[in-house]
Amino acid sequence: MWGPSAGGYLASMIGAASHIPAFNGGHAPVSSVSTTVRSVIDWYGPVDFGRMDAQFDASTVSPRLGPKSDAGSPESELLGAPIGGVPDAVRQAEPSTHLSGLDPSTAPRFLIQHGTDDQLIPAQQSVGFASAIAATPGRTA
């Protein structure tokens, strides 16, 4: 899986949560087709919606768009409500929430790239996600 920005989020989410049956949309698996994700390339994907505003505030980068907590932000629109009002949905939308259930022998490898001057997604998103992957039992940094 590979994707930039929102595609990076989707690739990371698929890689981190592909072992969870609830994410298959209620469809029975096709026996002859593997859904195993072997690797993920995440280019500057948003992966921790609840921390984005604070990360921009703590950085020297000014966000190009308004606060991520606004109802009209892409992250809030994805969840169907302002992210500050749906903490459970925000947690479920975070790829790192689902890492602990991955089988270390079949878990995908992740390559994460992010520029430090990104005005749409704070670079701390990628740094934090890489740390969460490295801290997952059975994984090495």
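Figures for the structure shown
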{"quantity": "Residue 47 vs. criteria modelled with pLDDT under 90, out of contact with any strand residue (DSSP E or B) (no Cβ under 6 Å at 6 or more places or on another chain) and assigned to a loop (DSSP other than H, G, I, E, B)", "calculated": "no"}
{"quantity": "Hits in the stretch 68-88 - residues which are part of a helix (DSSP H, G or I) and more than 16 Å from the chain's Cα centre (by Cα)", "calculated": "84, 85"}
{"quantity": "Residues being touching a residue at least 12 places away in the same chain (Cβ under 8 Å), part of a helix (DSSP H, G or I) and farther than 22 Å from residue 73 by Cβ - total across the stretch 89-141", "calculated": "7"}
{"quantity": "Answer from 18, 59, 76, 34 - the residue that is farther than 12 Å from residue 121 by Cβ and either touching a helix residue (DSSP H, G or I) at 6+ places or on another chain (Cβ under 7 Å) or modelled with pLDDT of 85 or more (or both)", "calculated": "76"}
{"quantity": "Test: residue in the stretch 63-73 that is among the hydrophobic types (A, V, I, L, M, F, W, C), crowded, with 18+ Cβ neighbours inside 10 Å and in contact (Cβ under 8 Å) with a residue 40 or more places away in the chain", "calculated": "no"}
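The values are calculated or read from the model by the stated rules, or taken from the named source; none is laboratory data. This structure is a prediction, so every number in the text was calculated from the model and none was measured. Reconstructed Cβ throughout: ideal geometry from the backbone, glycine too, with neighbour counts over all protein chains shown.
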